[in-house]
Amino acid sequence: MEGRAWLAALPEELAAQRRVLTGLVDRCEAWPLATSLLVGCSLGRGAADELSDIDAALGVDAPRGEAGAGRVTTMEAMVVAALPELGALVDVLRHPTGPASQHVRRIFAQFADGTQLDLAVVADAEIEARHRAGGAPDFVSLYQAPASAEPDPRMPADGGASGGEPPDAYTVTGEQVREWAFLGWIALIDADKYLRRGSLWEAHSRLQEARHRIWALWAAAQGAMYPWHGLSQVLDYDPGDLPPGIESTVAGLDSAGLRRAARASAGVLAAASEAAARRHPADLPAAMADYVARALFPDL
């Protein structure tokens, strides 16, 4: 099954995921630039539960690479504008992902009911190329534009986006600080999810990811040369100046220890984010931070 029939057949425990995906299908049918919508990973494999996030890809009527960047960015903005209509929204992260030559934009949306949307917005030609190469066999097609669909004549080939020089690769910006902080909170809410499932190895892995973001933020706060390298840059810059409490973020493979480390990581991540934002003024993801803190500390 595909499309709306596949959505209708989802079990009731996946009602929240069905709600978000149905809303996206509805909007794809009205967006001239949207050519396809696919969902994969645990949902696509039929292995999802109520805690599973939505891993999806939205194809855009755009050339591959830089030539289609404007249209991809335009489509990204349209999706983000529509997200509040799909459910009460906590926070949203938007950032590039994958090889720079492909110009893929990632949208991560955290909804207040716990639903998570992890959506790649990319030129449909990239999706087709991956399909021809045998990639993503677990993806299910939820929407496909009619073959006769023509591009919107009002939309220029570049999507109306203006060009500009790319930022210096070594420059840390407030936007980068926000992204690192947001990714750290995503890792911690994932760790909480895996702990509730009893999947200790996955929880341990996500704690390590949260720590990586903490190190990068702390390196940025210190003024290290290459902060995205995280730990190595902190140690190179000043091995005696570590994020306060970082040792409490380490745990073995026992549930109680991992839970304590996740809670400790929340405090260290918040402090490292604030320190980085003081040096590189940033709009930190406060709503996402509050949401994750409530999940980790439900009794407070």
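Nothing in this text is a laboratory measurement; each read-out follows from the coordinates by a stated rule. Quantities reported herein were computed from a predicted structural model and do not represent experimental measurements. All Cβ positions, even for glycine, are placed from backbone atoms using ideal geometry, and neighbour counts span all protein chains on display.
Quick notes
- Long hydrophobic helices in the chain: the complete DSSP H runs spanning 24 Å or more by Cα along their own axis with mean Kyte-Doolittle hydropathy of at least -0.5 are 174-197, 200-222, 255-279.
- FRET efficiency for SER232 and ASP26, using Cβ-Cβ distance with R0 set to 51 Å, rounded to 0.05: 0.60
- Charged neighbours of ALA81, selected by a Cβ distance under 13 Å, balance to 0 (K, R count +1; D, E count -1).
- When only Cα pairs below 8 angstrom with a gap of at least 6 residues are kept, the range 174-296 shows a relative contact order of 36 percent.
- Tensor-based shape of the range 1-135 (alpha-carbon gyration tensor, a/c under 1.5 rounded, otherwise prolate or oblate): prolate
- Peptides 138-146, 122-130, 217-225 ranked from most to least packed, by the mean per-residue count of other Cβ atoms within 10 Å: 217-225, 122-130, 138-146.
- Sites ARG132 and ALA67 - FRET efficiency at Förster radius 22 Å, r taken between beta-carbons, to 0.05: 0.65
- Cα-based shape type of the range 197-239, given that a ≥ b ≥ c are square roots of the gyration tensor eigenvalues and the cut on a/c is 1.5: prolate
- In this structure, the amide hydrogen of ILE54, modeled 1.01 Å from its nitrogen in the peptide plane, lies closer than 5 angstrom to those of GLN116, LEU117, ASP118, counting only residues at least 5 positions away or on a different chain.
- Residues in the range 42-59 carry Karplus couplings, in order, of 5, 5, x, 7, x, 10, 7, 10, 5, 8, 5, 7, 9, 8, 9, 9, 10, x Hz; the curve used is 6.51 cos²θ - 1.76 cosθ + 1.60 with θ = phi - 60°, and Gly or Pro positions show x.
- Share, in percent, of DSSP beta bridges within the chain that are antiparallel, nearest 5: 75
- Cα→Cβ-extended label distance, 7 Å offset, between MET225 and ALA8, nm: 6.2
- In Hz, Karplus ³J(HN,Hα) per residue of the range 107-113 (6.51, -1.76, 1.60; θ = phi - 60°; x = Gly, Pro): 10, 10, 10, 9, 9, 5, 7
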